[in-house]
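Taking it in order: structure first as structure tokens, then the write-up.
The values are calculated or read from the model by the stated rules, or taken from the named source; none is laboratory data. Note that the structure is predicted; figures quoted are calculated from it, not measured. Here the Cβ positions follow ideal geometry from the backbone for every residue, glycine too, while neighbour counts run over all protein chains shown.
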Amino acid sequence: MPLPAELPDTIAIFPLPGALLLPRARLPLHIFEPRYLAMVEDALKTPDRLIGMVQPRETPNGPDKLQAIGCAGRLSAFSETEDGRYMITLSGVSRFRILHEVEGFTPYRRCEVSWTGFERDRGATEKDPGLDRTPFLDLLNRFFQTQGLSTDWDAVREAEDELLINSLSMLCPFPPEDKQALLEAPTLPTRRETLVTLIEFALHGGEAGEVMQ
């Protein structure tokens, strides 16, 4: 489904800790809370089918705050289970900056957003000329071993730069604040550098959340 030339000013927001969506990547989600079931149903009725993924920021009092930058995804796959849950896939379209939260009658949160500054997200696939795969994959292998993770290493070696770096950024078990740092990286090489820093810090026994301040 093609997106409109102008992205909407107001979108539904799904604040999910640790769930990272990046442009041109895909994020599968299992939806079961009533308010988010309603969000999916409403999104399906819109021309663009956009849902904004945002990291929440917990506060001692009152409702959770939201990080300033999120990523919108188009609802590109949808199925319903027998007990009424939804299995969906979001295809990353563009990052956005939250301007303010919109009051309304929906059970889920909605925000007015700006797409300015993220035009690159809707362009061509990015390359990373500085990616040296041999040491990068060696580092990744050590990290996966310490985390008890497994993967298809042949597929990893053959993956294009953007698919490799973005998939790892989304899948690696980092805390929300580090996922946010990966989201906000302005370019693919910057995201790879951030990813390497997080992995190296984790391998040295640090808490991943202490890396990016």
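Tell me which residues, restricted to region 74-91, are among the β-branched types (Val, Ile, Thr) and surrounded by 13 or more Cβ atoms within 10 Å (Cβ to Cβ).
Within region 74-91, the subset among the β-branched types (Val, Ile, Thr) is 81, 88-89.
Once the filter is applied, which keeps residues that are among the β-branched types (Val, Ile, Thr) and surrounded by 13 or more Cβ atoms within 10 Å (Cβ to Cβ), region 74-91 yields Ile88, Thr89.
Could you tell me whether Val54 is modelled with pLDDT of 95 or more, in contact with a Pro (Cβ under 8 Å, 6 or more places away or on another chain) and within 18 Å of Arg109 (Cα to Cα)? So Val54 passes the test. The residues listed here are Leu137, Leu163; of these, the one that is in contact with a Lys or Arg (Cβ under 9 Å, 6 or more places away or on another chain), closer than 28 Å to Glu119 by Cα and not assigned by TED's automatic domain parsing to the domain that holds Ser91 is Leu163. For Gly123, state whether it is in contact (Cβ under 8 Å) with a residue 24 or more places away in the chain and loosely packed, with under 14 Cβ neighbours inside 10 Å. No. Scanning region 41-65 for residues that are in contact with a strand residue (DSSP E or B) (Cβ under 6 Å, 6 or more places away or on another chain), hydrophobic (A, V, I, L, M, F, W, C) and farther than 22 Å from Lys179 by Cβ turns up just one, Ala43.
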